[in-house]
Amino acid sequence: MTDIHDTKPTEILRKYWNYDSFRPQQEEIVQSALRGDDTLALLPTGGGKSICFQIPGIIRDGLCIVVSPLIALMNDQVDNLNARGLRAAALHSLLRFSEIDSVTEKAARAELDFLYLSPERLNTPIFIERIKRTKVSLIAIDEAHCISQWGHDFRPAYRRISDLRQILPRVPVIALTATATPEVAKDIAEQLAFRNYNFYKSSFGRKNLHYVVRITEDKYGKLLDICRAVSGTGIIYGATRRRTVEIATFLRQHQIHTEAYHAGISAGEKQRIQNEWLRGKIRIIAATNAFGMGIDKPDVRFVVHFDLPTEPEAYFQEAGRAGRDLGESWCVLLSAPNETQELIVRLEERFPEKEFIIHIYNLLYADLRIAEGAGAESIHPFNPAAFGAKHGFNPVKTFYALLILELSGYIQLNEGIRQPSRLLFTCTRNQLYDFQLRNVALDSFCQMLIRSYSGLFELPVKIDERQLAGRLSLPVEKVKVWLHKLEENGLATYTPSSDAPSIKLLTDRLKSENLLIPHEVYDGRKETMLKRAQVMRQYVEAHACRTNILLDYFGETAAKPCGMCDICMNARRTLPEAAAVVQALKEGDKTCAELAQQLNCSENSLYEVLRRMQDERLVESRPDDFWHLTI
């Protein structure tokens, strides 16, 4: 690594990212981490959080550990860093022991710049043993809101980061998130044992976004109007897989190029859809909330939420994927007339009875044929929908029971994530050479492997069996047989490509009476989610600036209405005349709400008129928001 005193952050930015300057707040955050200060950064979606820890990770002398909650996001960032000539690897639940061993050993030997890992890996013996003899320069916590029980994606495993701080007490920590209320930000700092730390927060306001709510009985008709009225690329979020397919089918029937994206399609198909959308070959993606994380497409002109989100954090983050190029964009939420009332019912479904959760736990281990006291760290193919159908359970209820077991630290669910084939030689070069001498038929195959892929003796390397077969003029199946033969002889670990969903059991099977469901993942989480739902209801039913409702939730006070949301734009078209206000106040003092109702206008627009009249000394504001006529 480069000595910290020899390199300027702007030089690294230009060398590896080809940017001449930082985005707002980025340079201050980078400098804080370079000084070795603990740092908390709240940057909106598209604000460039990764660069804030990657540049200090390059400059500071040692390994940068990055804790991240999503395997797909980890893999994308590792591939991105490797493509830039940096040394990065990831540890997660889909790796085999020999692969984990090689990655952690390489980190200990100072042969990696970045080590990405899921929070569940933090307390594994092999990681703890190796990290104690590793020179670590920085710990980065991505999606840091996951550490807070009030955060919208709370993951108890994130609490283990505090244990890592005890092992590495002098290593600075940088925590980053796009969505955190003041309460969550405070909790992040406390959970990470920050003392004197630097807190950076960019405004959540986006001057180029129009926030719009449309309450309608005909959501599909309104959606079609939006797609025809707003040109350019779009994302439409649906609450379920079925919904995304229905939306995509409907829009295609009206000659609008749309593809559905959800966890049920193969990883290869996901990659195809994502790549074609990024290149502009697909205009619109109809997706569940799994789509968009880590995807930086600047020219998204509209994001539509077809179903009402349950929390403002998720809505704000997903809507914020529009207009990253600062061009005018639209964030539209469609709501049926009674949908805000149904929101509470939907939330209740997320918390099945505890007896049902325990029953699901026992059935799960029984299906996997695992006895009490066994099963920890084992990985099994597992499809939650098929599991629920087999036992005749409601699929939604089954999924949320499994999710609570995951949050409680007993299991880890892995959706179908595309994992390319990987190969790692677990022998020495001399041992492999001896094998080649004894197995002449495999000699040229081993030579081709070594010529085609570098680093096979150091880290798991992605390989392509079809490419190898073409070079050797052999059937693909023959190449796979030889790769398995290398593994059978103890020379390598060969992991064929897979996108099948799986489950990892994090603990041995417990007796029912020993299965504990923590308060923070059930009762406390339920209470918090209900409060968030009320905020979404307020947002949908608002008569005042929608942008300001969101900003207020995230602890930011706006000086004036945004002028961009549907309420503000309607208010500009229907501003009440000052004369009408004077006439109404002649009847007596009134609040802004009372005046708005009498004049049939929005409070937001009326407030602008009252302030203007106050400047002209026609009216004055009295306690409790009462307005008095002074002429």
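Over the chain, what is the percentage of antiparallel beta bridges among all DSSP beta bridges, to the nearest 5?
Once the DSSP bridges in the chain are tallied, antiparallel ones form about 30 percent.
What fraction, in whole percent, of alpha-carbon pairs in region 9-201 exceed 29 Å separation?
15
Taking +1 at the Cβ of each Lys and Arg and -1 at the Cβ of each Asp and Glu, which of 103, 631, 118 sits farthest along the dipole of the chain towards its positive end, judged by Cα position relative to the Cα centre?
103
Given the C-alpha centroids of region 36-97 and region 373-442, what is the distance between them in whole angstrom?
23
Can you run phi through the Karplus equation (6.51, -1.76, 1.60; θ = phi - 60°) for region 261-277 and list ³J(HN,Hα) in whole Hz, with x for Gly and Pro?
These are the phi-based 3J(HN,Hα) values: 9, 7, 5, x, 8, 5, 4, x, 5, 4, 5, 4, 4, 4, 5, 5, 5 Hz.
Once you charge only the Cβ atoms, +1 for Lys and Arg and -1 for Asp and Glu, what is the size of the charge dipole of the chain about its Cα centre, to the nearest 20 debye?
1560
Residue 508 versus residue 451, label points 7 Å from Cα toward the beta carbon: distance in nm?
5.1
Can you tell me the 0 to 90 degree angle between the C-alpha axis of helix 182-191 and the longest principal axis of the chain, rounded to 10?
In the chain, helix 182-191 runs at an angle near 30 degrees to the longest axis.
How do 520-527, 173-180, 257-264 rank on mean C-beta neighbours within 10 Å, highest first?
173-180, 257-264, 520-527
Return the long-range amide H neighbours of residue 210 (sequence gap of 5 or more, or a different chain), with a cut-off of under 5 Å between placed amide H atoms.
Correct list: 329, 330, 331.
How big is the dipole moment of region 422-495 about its Cα centre under a simple scheme where the beta carbon of each Lys and Arg is +1, that of each Asp and Glu is -1, and everything else is neutral? Debye, nearest 20, please.
Numbers: 10 positive and 8 negative charges, 34 e Å.
The calculated dipole for region 422-495 is roughly 160 debye.
Just to confirm the number: angle between the C-alpha axis of helix 97-108 and the first principal axis of the chain, 0 to 90 degrees, nearest 10?
Helix 97-108 sits roughly 80 degrees off the main axis of the chain.
Pull up all non-local amide H partners of residue 288: gap of 5 or more, or a different chain, and H-to-H distance under 5 Å with H placed in the peptide plane.
238, 261
Which of the three applies to region 335-399, rounded, prolate or oblate, going by the alpha-carbon gyration tensor with a ≥ b ≥ c and a/c under 1.5 meaning rounded?
prolate
Just the number: Rg to Rh for region 507-577, Cα atoms, Kirkwood Rh, two decimals. Before the final figure, lay out each step's value.
On the way: Rg = 20.8 Å, Rh = 15.6 Å.
Rg divided by Rh gives 1.33.
What size of dipole, in debye to the nearest 20, comes out for region 227-308 about its Cα centre when the only charges are +1 on Lys and Arg C-beta atoms and -1 on Asp and Glu C-beta atoms?
Approximately 140 debye in magnitude.
Kindly provide the helix-only [θ] at 222 nm of the chain, computed as the sum of -39,500 (n - 2.57) over DSSP H runs of four or more divided by all residues, to the nearest 500 deg cm²/dmol?
-12500 deg cm²/dmol, from helical runs alone.
Given the convex hull of the Cα atoms of region 535-631, what is a quarter of its surface area in nm²?
Averaged projected hull area, Cα only: 6.4 nm².
Got a sec? Charge dipole of region 9-201, +1 on Cβ for Lys and Arg, -1 for Asp and Glu; which of 89, 167, 45 is way out at the positive end?
Comparing the listed Cα positions along the dipole, 167 ranks first.
Among 579, 400, 347, flag the residue with its Cα farthest along the positive direction of the charge dipole of the chain, charges on Cβ as +1 for Lys/Arg and -1 for Asp/Glu.
Checking the options against the dipole of the chain, the answer is 400.
Compute the helix-to-body angle for 49-59: its Cα long axis versus the longest principal axis of the chain, expressed 0 to 90° and rounded to tens.
Long axis of 49-59 versus the principal axis of the chain: about 40 degrees.
Around residue 591, which amide H atoms from residues at least 5 apart in sequence, or from another chain, sit under 5 Å from its own amide H, with H modelled in the peptide plane?
The answer is 627.
Hey, can you rank 337-348, 52-63, 104-115 by average C-beta count inside 10 Å, highest first?
For the peptides 337-348, 52-63, 104-115, the packing ranking is 52-63, 104-115, 337-348.
Normalise the Debye intensity by I(0) for the chain, one equal point scatterer per Cα, no solvent, then take log10 at q = 0.08, 0.12 Å⁻¹ and round to two decimals.
Relative scattering, expressed as log10 I(q)/I(0), comes to -0.68, -1.41.
Output wanted: per-residue J couplings in Hz (rounded whole) for region 244-254, from phi through Karplus 6.51 cos²θ - 1.76 cosθ + 1.60, θ = phi - 60°, x for Gly and Pro.
Running phi through 6.51 cos²θ - 1.76 cosθ + 1.60 with θ = phi - 60° gives 4, 5, 4, 5, 4, 5, 4, 5, 5, 5, 9 Hz.
From the convex hull of the Cα coordinates of region 383-521, what is the mean projected area in square nanometres?
Average of the hull's projected areas for region 383-521 equals 12.0 nm².
With the cut-off at 1.5 for a/c, could you classify region 461-567 from its C-alpha gyration tensor as rounded, prolate or oblate?
oblate
I'd like the Karplus ³J(HN,Hα) series for region 529-534: coefficients 6.51, -1.76, 1.60, θ = phi - 60°, whole numbers in Hz, and an x wherever there's a Gly or Pro.
Values per residue, Gly and Pro as x: 5, 5, 5, 5, 4, 5 Hz.
Coordinate-derived values only; no laboratory data. Just so it is clear, the structure is predicted and the values come from calculations on it, not from any experiment. No Cβ is skipped: glycine too gets one built from the backbone with ideal geometry, and neighbour counts run over all protein chains shown.
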